[in-house]
Amino acid sequence: MELTDLLYKKDDGIAYITINRPENFNSFRLQTFDELLMIIDDLDNDNTIGVVVIQGAGNKAFCSGVDVETLKGMSEFPEHVIRKFTKKAIQMVNGLLLLDKPTIAAVKGYSIGFGHELHMLCDLTIAADNAIFGQVGPKVASVPMVGGTQILPLLVGMKKAKEILFLCKQYTAKQALEMGLVNAV
């Protein structure tokens, strides 16, 4: 399996997935989704792995969401391209949620938009002191499509979830811990 956007390492029963696009704040593009789907498939078939850690390269971002460069002109893309992008995101969500191994998000820096949803899909989230969490949907004419509206209220309650989704504020690691969005700082 040849990877360009992700690093994938197995060591002593632990799988490490690193989003390796620090120059783009570890944002996702179609290639990143494809690679993560291949890794999830590999993990599904590897009984030697007991836990999966997902992290971002560098200290600036866990994942800043979807690469906006890939979205430029998206409204002009044929409908099948938009469906393909959405389908990959949904496959990734299902793959992570159905994975029979616990997943841990190790968050340093920004966990924004899709990156925020990605950490919520994990079973546990451990945040560094410099972690920043939040959504950007209304700011970029988008919606949280991979769990923000479903999982977030379960973690922080309905009122706080609506605040996070509607107002697009950013929250520190300490604030995220206090509201139940992360397990530890």
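The values are calculated or read from the model by the stated rules, or taken from the named source; none is laboratory data. Computed from a prediction, not measured in an experiment: that's the story for all the values here. Here Cβ is always computed from backbone atoms with ideal geometry, including for glycine, and neighbour counts include all displayed protein chains. For the accessible areas, the whole protein counts, side chains as well, though only heavy atoms, and no ligand, DNA or RNA atoms are used. Shrake-Rupley method; radii C 1.70, N 1.55, O 1.52, S 1.80 Å.
Worth pointing out:
- Seen from every direction in turn and averaged, the convex hull around the alpha carbons of the chain projects onto 10.1 nm².
- Relative contact order computed over the chain (Cα-Cα under 8 Å; 6+ residues apart), in percent: 18 percent
- Relative pair counts by distance (%), Cα atoms of segment 92-185, 5 Å bins: 3, 15, 27, 27, 18, 8, 1, 0
- Loop GluC sites (Glu not before Pro), segment 1-64, which have at most 13 other Cβ atoms in a 10 Å radius of their Cβ (DSSP): Glu2
- Here the chain is assigned +1 on the Cβ of each Lys and Arg and -1 on the Cβ of each Asp and Glu. Its dipole about the Cα centre then comes out at about 780 debye.
- Residues of the chain: accessible area per residue with a 1.4 Å probe, Å²: 51 Å²
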